[in-house]
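Working notes, structure below.
Every read-out reported here was derived from the displayed coordinates using simple, explicitly stated rules and does not represent laboratory data. The structure presented is a predicted model; accordingly, all values stated were derived computationally and were not measured. For neighbour counting, all protein chains shown are included, and Cβ atoms are generated from backbone atoms with ideal geometry for every residue, glycine included.
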Ligand SMILES: [Zn+2]
């Protein structure tokens, strides 16, 4: 439709600035499982997160290197079509998919090396504490650029889970990206734990949390104290707005908020926040198209956040920092 009435076209303004700043940075994804949704698995959309960690086993077991390559390549093409210049994607490495995603990822990087900078991060859907899980974690850690974590998978032993990852990352001189506070409940304090562990392992400036939804379920004084400790210790946060805005209703009482990383509080407090699409059209997020603008738009809307320059940074330079790209 052609515009007859001149107006402040926020989208156009922001897209222009993003281009000028070197293009989009998509800092969180799971490209190895993109486009795997089927009519049967769509019915499982409302399953609990901890159940989804197992429900994807069937897809992983059946996936060949070439299946995974195709999904990843299609995801990269989707990124390129939007002007994404750097991307960080998790890949599964465990006893179900074994090293097939590693093999596919290697080929994808080779094929697209001139077009886009890709950083790989290992997903640990089986945790890191059981012996078999640890073996595959070690295999993944060798291959990837950044070590990935999922403390919720080792429920009750979250601190040990983070210890294993930070210990290994320190030895390998790699950054870490850890899924934290995903369930939108004040029962979770994983970002707080991540900051404590960052201090303990002296990993300041190398640690990134992913999601941080539950932070907004805590009282203001808790949130402000947490942001201060994140800034002091260089703990950064990836926001994937569409990923958790569909958070299921509960009767738990909490300060009213939208189920999104509290970007409007974190950025003014000094926390480095970046943007990610998370899963694309799979069992976790059947509705997510992997498009960057709707993700950024949702930060503006769900956080009522209007600082255009900071929004551009979230979409570009902050992402490069979070992925360790100079
Ligand atoms: Zn994730």
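DSSP bridge analysis restricted to the chain gives an antiparallel fraction near 5%, rounded to the nearest 5.
When a/c reaches 1.5 or more, the comparison of a/b and b/c decides; with that in mind, is the chain rounded, prolate or oblate per its Cα gyration tensor? Here the chain falls in the rounded category. Counted by neighbouring Cβ atoms within 10 Å, the residues 277, 272 run from fewest to most as 272, 277. The distance separating the Cα centre of the range 225-302 from that of the range 103-171 comes to 22 Å. Counting beta carbons within 10 Å around each of 293, 136, 53 and listing the fewest first gives the order 293, 53, 136. Considering helices alone, the calculated mean residue ellipticity of the chain at 222 nm is -13000 deg cm²/dmol, with DSSP H runs of length four and up weighted by -39500 (n - 2.57) and normalised per residue.
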